[in-house]
Every structure is written in structure tokens, then in C-alpha cells.
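Visitor: Right, I'll just put the structure down here and ask away after.
Here, each number is a calculation from the coordinates, and none is a lab measurement. Given the structure is predicted, the values throughout are model-derived calculations rather than measurements. Using ideal geometry, Cβ is built from the backbone for each residue, glycine included, and neighbour counts are taken over all protein chains shown.
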Amino acid sequence: MSGPSLAQTHKWRGAWCEGERMLVPEVPVALVYDGGTEAVMMASPGDALDFALGFSFNEGIVASAEELGDVEVRDVGTGIEIRMSLAGERRARVVERRRLRAGPAGCGLCGVDSIVAALPVLAPVGSRLRVAAGDILAAMRDLPGLQPLNRLTSAMHAAALFVPGEGIIAVREDVGRHNALDKLQGALLRAGRLAGEGVILMTSRVSVELVQKAVVMGSPILAAVSAPTSLAVSEATRLGLALAGVVRADGFEVFTGWERFADAR
């Protein structure tokens, strides 16, 4: 699959003029485990190995990088197949999950087949990390400079991990915010780092799925440039995740976990 492409445009800047814009690629990516497709996501084709591992971990298919066997990324013309193998017990669980999912209706969330399954029982966040508000602002100011594809296209989300004392240690981009977060988790697992060490930064609104993924990853704080949904706030409160939104150059709003910010009064 090719990278960003150049498109000719017409722009309005008080008058019409011809211009051009780099467009980010978006392709269907099938996640295939032992010959069976678990999910098909619209995603950017880069960092496929990170996506495979991060998605597998965040969806509960594997509990560690070692449980994912051989990974093959195959260009099938109209999209990409990421073909993976699983250990015996994990393979059996995926087969059972597919069997239970078979039926006429579904909610469409990565193969989840019921509203109950869309709100799984998760362990609350264990980390008690505290971070200064000024550090959140500084980290979010640094993030655009670490998004090369977004600089070209203005069409990419990013997920990053900011660790106090180290700065932003990992960034992943994708057209889908969920995909970017899965890729980030894959990158952290491959590097032997833990999301619980720091703050997840997102260049998007905060949906409940992002809250769930952040909790699974173990990060105690999620900060985003836009606001959360009401369900995201409810779940973040229940699961002990500090949630900061509407992060701007001059400040941000805290929706849950105000005590996690070291200079809070």
C-alpha cells in the first residue's frame, strides 16, 4: 500500500484559487487469527505490526506479546490482511467468541454482539500517578510536532504516552482514533514499556471505547483535545480514570479525577 498522495484542489481565500493537498491513505484492514477474520477496520496502512499486537491486547485476545505467534502482513489489493497465529488456549477462546457472535444482529464494535459486551467488566485503574497541569499543557503542545503524517495531510489522529520526567515516549498516528490507540499499545508492548507510567494523550473527542482501552492499558490519566461523551465520563468515574478534555494552549477541563493533578487546589 502506498503512502499519502497529492490531490489537486480549489481553495477559497476570498477568491477561488487552485491548490493541492496531501491525502492520507485509508484502507480496510482485516485482522485474521488462524484463518478466521475477527474484525475489519478502516485504518491507515502503517505500523501494521503494532496495530496487530495492540488490537489483540486491547480486545482481550492475548494478554502478552508472547501469546501472539507469527504475524504476516499481506497486501490483497483492495486492503491489507494481518494474519496471526495464536497459542492453543487463546485460539480456542477466539473460536468460541466467533461461535457466540454468529447471529442476525450485532452492535458492530469490533465484532461485539450485545450491549452488555460493549460495556465489559474491567478492573479499576491501579496506578495513583499524579501529574502537574502545566505538564499536560506542555505535552499537548509538543504533540503536533511528533505527527509527520498529520503535518502532510491534516487528517490524522494521534495517540501518545507522556511520562513525567521523560516527555512523550511514543506516538502513533491513524485516521481512526481507536486504531491510533491500539497502535500505541502495540508500540509500548514491543518496547517493554507500560502505559501506567504516564498519561495517554489523544487528538480526538473521548468516546467510551477510548476510556475502556485506556483502562485496559493501565494508564491512570487520559487527556484529549476535545470533550468526552457522557458515557465516557461515567465509565471513567467508575473505573478510576482521570479524564481531562478540551485541552487548549491556555488550559483544559477535568471531568473526573481532579485529585490526580498535582497542583490542583
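Visitor: Pop a pseudo-label 7 angstrom from the Cα along the beta-carbon direction at both residue 237 and residue 92 and give the gap in nm to one decimal.
Guide: A separation of 4.1 nm, rounded to one decimal place.
Visitor: If amide hydrogens are placed 1.01 Å from N in the peptide plane, which non-local residues have theirs closer than 5 Å to the one on residue 132?
Guide: Here the answer is 262, since their amide H atoms fall under 5 Å of that of residue 132.
Visitor: While we're on this one: Work out, step by step, the length gained on full extension between residue 8 and residue 190: first 0.36 nm times the residue separation, then minus their alpha carbon distance; give nm to one decimal.
Guide: 61.6 nm
Visitor: Distance from the Cα centre of the stretch 209-265 to that of the stretch 1-40, in angstrom?
Guide: 30
Visitor: Continuing with this model, one more query. Picking from 133, 30, 236, which is most flexible by a Gaussian network model of the chain using Cα springs under 10 Å?
Guide: Answer for the Gaussian network model of the chain: 133.
Visitor: Which ³J(HN,Hα) values in Hz, rounded to whole numbers, follow from the phi angles of the stretch 54-67 under the Karplus curve 6.51 cos²θ - 1.76 cosθ + 1.60, where θ = phi - 60° and Gly and Pro get x?
Guide: Coupling constants for the stretch 54-67: x, 4, 4, 6, 5, 8, x, 6, 10, 10, 7, 4, 5, 7 Hz.
Visitor: Which value at 222 nm does the chain reach when only helices count, each DSSP H run of 4 or more adding -39,500 (n - 2.57), with the total divided by all residues and rounded to the nearest 500 deg cm²/dmol? Mind showing how you got there, number by number?
Guide: Details: 8 runs with 80 residues, N = 265.
Here the helix-only value at 222 nm equals -9000 deg cm²/dmol.
Visitor: What percent do you get for the relative contact order of the chain when only Cα pairs under 8 Å and 6+ apart count?
Guide: On the way: 534 pairs, mean separation 44.7, N = 265.
For the chain, the relative contact order is 17 percent.
Visitor: Defining a contact as two alpha carbons under 8 Å apart and six or more residues distant in sequence, what relative contact order in percent does the stretch 133-260 show? Don't jump to the answer; show the numbers that get you there.
Guide: Values: 249 pairs, mean separation 23.8, N = 128.
Answer for the stretch 133-260 is 19 percent.
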